[in-house]
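The values are calculated or read from the model by the stated rules, or taken from the named source; none is laboratory data. Quantities reported herein were computed from a predicted structural model and do not represent experimental measurements. Methodologically, a virtual Cβ is constructed for each residue, glycine included, from the backbone with ideal geometry; neighbour enumeration extends over all protein chains shown. SASA here: full protein model, heavy atoms, side chains in, ligands and nucleic acids out. Shrake-Rupley method; radii C 1.70, N 1.55, O 1.52, S 1.80 Å.
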Amino acid sequence: MSYPRVSVNGVSVRVDNEGRYNLNDFHAAAMMDGKATESQRPGVFLKSRQISRFVQALSDATKSASVKVIKGGLNQGTWAMELVVIRYAAWLKPEFEILVYNTFKDAARKGLDVMAKLNKLDHIINTETKNVSGCARTMANWGVGGRKKLLLTARERVVKEAQMYLPNIE
């Protein structure tokens, strides 16, 4: 499954294959806008008892790890589900929370707009496919030995019958 990528304050936030966003990218975006300090790193946020309980409750509810910390390597950092990201943004500064919330809301809205376009195209394709199939059936029935032959044979019989009453008709 593909998850929406978001950008906050010009920082493209990475997302993993399980839909968790990189909190370190959000921290960098908040720092760029003066909405966070160095001391407000994701690790400090996660040490809060209330946040630990929230993360555990979310993990239990979704039956997957809502936060994943990777130390070292290309994908190092703190990765979190959208709800944890919004909690982190609120912990940093209310204005940043609003920005992050609206960013996710806009991404969801764009996804819905794309789905609406896709549904409309699917409807047009299905409708036109039925129309073309109907025309193809009509054409197949018209051809050699089909409806055309039947109609021409009937016409010949009517012409012969009509010649008894109107001698020069064809």
Cβ-placed point charges (K, R +1; D, E -1), dipole of the range 98-170 about Cα centre in debye, nearest 20 = 120 debye
How much length is gained on full extension from ALA154 to ILE124, taking 0.36 nm per residue of separation minus their Cα-Cα distance?
-> 6.9 nm
Two-decimal ratio, the range 124-170, of alpha-carbon radius of gyration to 2.2 N^0.38 Å | 1.82
Within a Gaussian network of the chain (alpha carbon springs, distance under 10 Å), most fluctuating of ALA30, ALA107, ALA140 | ALA140
Is the shape of the range 68-110 best called rounded, prolate or oblate, per the rule: a/c under 1.5 gives rounded, else a/b larger than b/c gives prolate, else oblate, with a ≥ b ≥ c the square roots of the Cα gyration tensor eigenvalues?
-> oblate
Quick one: with all protein chains in place, what share of the accessible area of the chain is carbon or sulfur, to the nearest percent (1.4 Å probe)?
-> 58 percent
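Let me have the relative contact order for the range 46-170, percent, based on Cα pairs under 8 Å that are six or more residues apart.
Over the range 46-170, the number comes to 8 percent.
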May I ask for the angle, rounded to the nearest 10°, between helix 49-62 and the longest principal axis of the chain, with both axes built from Cα atoms and the value confined to 0 to 90°?
-> 20 degrees
Under Karplus coefficients 6.51, -1.76 and 1.60, residue-wise ³J(HN,Hα) of the range 10-24 in Hz, glycine/proline x | x, 9, 7, 8, 6, 10, 8, 5, 10, x, 8, 9, 7, 5, 5
Within the range 1-42, what residues put their amide N at less than 20 Å from the label point 7 Å along the Cα-to-Cβ vector of VAL114?
-> 1-22
Residues with amide H under 5 Å of VAL8's amide H, sequence separation 5 or more or different chain, H placed in the peptide plane at 1.01 Å from N; which?
-> VAL13
If you bin the C-alpha pair distances of the range 1-148 every 10 Å from 0, what whole percents do you get?
-> 10, 31, 24, 10, 8, 7, 7, 3, 0
Evaluate the charge dipole of the range 1-64 about its Cα centre and quote only its size in Debye, nearest 20, assuming +1 on the Cβ of each Lys and Arg and -1 on the Cβ of each Asp and Glu.
-> 200 debye
Within the range 11-68, list the trypsin sites (Lys or Arg not before Pro) lying in a DSSP loop whose Cβ has at most 11 other Cβ atoms in a 10 Å radius.
-> LYS47, LYS63
ALA140-ALA28 pseudo-label distance in nm [points 7 Å out on the Cα-to-Cβ vector] = 5.9 nm
Which Cα, out of PHE26, PRO4, ALA90, lies furthest along the positive dipole direction of the chain (beta carbon charges, K/R +1, D/E -1)?
-> PRO4
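Under the rule of -39500 (n - 2.57) per DSSP H run of 4 or more residues, summed and divided by the residues of the chain, what mean residue ellipticity at 222 nm is obtained, to the nearest 500 deg cm²/dmol? Spell out each step's value before the answer.
Working: 6 runs with 106 residues, N = 170.
The helix contribution divided over the chain gives -21000 deg cm²/dmol.
Leaving out ligands and nucleic acids, and using a 1.4 Å probe, what accessible area per residue does the range 1-126 come to in Å²?
In whole numbers, the range 1-126 has 63 Å² accessible per residue.
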Given charges at beta-carbon only (K, R positive; D, E negative), |dipole| of the chain in Debye = 400 debye
Among the listed pairs LYS35/LYS105; LYS35/LYS110; LYS47/LYS68, those beyond 23 Å (Cα-Cα) = LYS35/LYS110
Excluding residues fewer than 8 places away in the same chain, name every one of the aspartates and glutamates whose C-alpha is closer than 16 Å to that of LYS63.
-> GLU18, GLU82
Using Cα positions and a limit of under 17 Å, work out the aspartates and glutamates in reach of LYS130, with same-chain residues fewer than 8 apart set aside.
-> ASP122
Distance in nm between LEU166 and ARG147 label points, each 7 Å along Cα→Cβ, equals 2.5 nm
